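The values are calculated or read from the model by the stated rules, or taken from the named source; none is laboratory data. Owing to the predicted nature of the structure, the values given are computational and were not obtained by experimental measurement. Counting neighbours? That spans all protein chains shown, and the Cβs are built from the backbone with ideal geometry, glycine included.
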């Protein structure tokens, strides 16, 4: 007995519109390429030429965070009516970490004001962070308050990492792959400033230092490590030199700074020396170089 003909088939989904394929192991190469090509297109649309990257802890409290935590810890309830969680840091340490937040905010503001004074068709030295809270928020906040564009390169994590409100909406990115996020940190960066942080900050800092040490970067990146008292307690970089695991030239890959004005001067002078002066600007292009006093905080 002859078989009945099957029902008419619906059109198969296009591969790039098929969630089952895109989210499968076989679709991984498409996902990786998307995290390269989509940010590239967006940076071009927004006319971003290069960046200054801020690294630092997501757990650094803002002044508003600290005040809220202290009020809640004193027995007050938050907006949801739930009791407060205890402040994790003692008072002196909390104030120290809040100061780092404020310093990152001020430094980003200084950098953005200066970059906006440069006469270029595209945006130069745009403040960029990992897009989350803490030092990342402080950097985006300072740039936002100075009236500039600012980038957030977020990563999808089970905790902490949600985009802060100060990122320019068109420059708010979220990545699945850490290595693609790190690529975008390094690719556009002309300078890096590293504030106190934990495992993630250490990972990001040493990756850029290694790329710089091994000449894997196509351009010179000025690296400022902010908060010498913190970092000299956390890691003994001079011991690496004493034990011969790095060379004296490697120690010159970065500089310490302890206040926003000092850090700004180091970053600005490096950007001018390593990039602007080498671009052979036309005589009609003016670069304003404001003088900043070296004041201690």
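Brief remarks on what is shown
- Members of region 189-228 that are part of a loop (DSSP other than H, G, I, E, B) and under 26 Å from residue 59 (Cβ atoms): 195, 196, 197, 198, 221, 227
- Scanning region 197-240 for residues that are exposed (fewer than 15 other Cβ atoms within 10 Å of the Cβ) and in contact with a strand residue (DSSP E or B) (Cβ under 7 Å, 6 or more places away or on another chain), we see that the one that is nearest to residue 274 (Cα to Cα) is 219.
- Of the residues making up region 230-246, those that are touching a helix residue (DSSP H, G or I) at 6+ places or on another chain (Cβ under 9 Å) and assigned to a helix (DSSP H, G or I) number 8.
- Checking the stated criteria, residue 59 turns out not to satisfy the condition of being surrounded by 14 or more Cβ atoms within 10 Å (Cβ to Cβ), in contact (Cβ under 8 Å) with a residue 24 or more places away in the chain and more than 20 Å from the chain's Cα centre (by Cα).
- Inspection of region 270-293 finds no residue satisfying the criterion of being closer than 23 Å to residue 134 by Cα, modelled with pLDDT of 95 or more and either in contact with a helix residue (DSSP H, G or I) (Cβ under 6 Å, 6 or more places away or on another chain) or assigned to a helix (DSSP H, G or I) (or both).
- Yes/no for residue 89 being more than 30 Å from residue 33 (Cα to Cα) and either modelled with pLDDT of 90 or more or touching a strand residue (DSSP E or B) at 6+ places or on another chain (Cβ under 6 Å) (or both): no
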